[in-house]
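Some notes on the structure that comes next.
Coordinate-derived values only; no laboratory data. Keep in mind the model is a prediction, meaning the values are calculated, not measured. Quick reminder, even Gly has a Cβ in these numbers, built from the backbone with ideal geometry, and neighbours come from all protein chains shown.
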Amino acid sequence: MSTARTARRLAYAALPVLAVAYAAPVVSTFGPLRNRLMPRLAGRGRTDHVALTFDDGPDPLSTPFFLSLLDERGIRATFFLLGSAAGRDPGLVREMAAAGHEIAVHGWAHRPLLLRGPRATYDDLARARDTVADITGRPPRLFRPPYGVMTTAAHLTAHRIGLTPMLWTCWGEDWQARATPDTVHRTVAADLDGGGTILLHDSDCTSAPGSWRNTLGALPRLLDTCEQSGLRIGPLRDHGLPPR
């Protein structure tokens, strides 16, 4: 057998192994396993605090309503922004930062990282990070992948450009067409406890049209639930995350 043919066969035989290595961190997508084995990635913080986070903004049609409600309640949150959306409305991003909210990145475009190679992953995350940094004057620290799916390339890129991946412990499934304010509240509350991180959406750009209204409708009750349980609510920067 020729040397070239042997090399090709070895390369083809290695492909499944490489694929598994590339996608191995996807196990972090499964909430119960992640919460137990990867507490920092899941957003586990101090037990008297709950981190409130929003994905997919900013959206000039919906985000201002969330900002207004949070301001009325005196609460700050962490917003994981799409770089493409931030670039379209830098004034809104500056308003969010000026109000004291923590600005993080959700990538440039809302596409699963499993569909991207290492170079495309780097370009997407770096572009989002640089856009947010240029707008706010401060480099973001946190990154949440679209759909919560991490890859080896995403982990390596995040480390390289100074971003810490951060997922969640509970969510409202507020992107669904069948969601209501009641279901959003009930779904979050079912898994909510001290030290947890809540995932909601302040935009419907990748969700059912108008779904943000259900999130907004559920938010006051969610805040009340936390406060009645003696839990403080705030951004991830105040969450007391364990060291890496």
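A few comments on the model shown:
- When each of VAL149, VAL105, VAL184 is scored by the number of other beta-carbon atoms lying within 10 Å, the sequence from fewest to most is VAL149, VAL184, VAL105.
- Dipole magnitude (debye, nearest 20) for the stretch 107-178, charges at Cβ of Lys, Arg, Asp, Glu: 140
- Paramagnetic reach from ARG221 in the stretch 172-188 [backbone N under 16 Å; point 7 Å along Cα→Cβ]: 172-176, 178-188
- Pairwise FRET efficiency - LEU61 versus ALA98, Cβ, R0 = 22 Å, nearest 0.05: 0.65
- Extension gain for ASP182-ASP130 works out to 14.9 nm (0.36 nm per residue, less the C-alpha to C-alpha distance).
- Whether the stretch 39-131 is rounded, prolate or oblate, judged on the alpha carbon gyration tensor where a/c under 1.5 counts as rounded: oblate
- Using equal-weight Cα scatterers in the Debye expression, the normalised intensity of the stretch 155-242 in log10 at q = 0.15 Å⁻¹ is -0.63.
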